[in-house]
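**Q** Structure below; questions to follow.
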Amino acid sequence: MSDSNSSRNGPRDREGLRTRAAAFFKEKVDRNVATYQQMETDRLLSDTKIAKLRALRLAKEEAEREEARIAAANAPAPVKKKRPVVINTN
């Protein structure tokens, strides 16, 4: 009796199982796509932030080099000290 019942509902049940399995795997793929898109967005934001910080650092270093160059150009000339005269008493 169960054989006749399963043969009657078998193809329909299998199709339902296939449909549910396909839906499950589609959801899984959709989640993966969403995850990878979020990772790509995060990476782009991080790259943008790093580029901005690098540009600021390079600008600061250039300004410091320019200040050092100006300070060196405006510094007074070094005064040479006279060597003391040593008298040999021998």
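The values are calculated or read from the model by the stated rules, or taken from the named source; none is laboratory data. Small disclaimer: the values here were computed from a predicted structure and weren't measured.
**Q** Give me a count of the residues in segment 18-37 that are β-branched (V, I, T) and under 25 Å from the mean Cα position of the chain (by Cα).
**A** Residues that pass the stated criteria total 2.
**Q** Is one or more of the residues making up segment 72-87 over 39 Å from the mean Cα position of the chain (by Cα), part of a helix (DSSP H, G or I), modelled with pLDDT under 90 and not aromatic (F, W, Y)?
**A** yes
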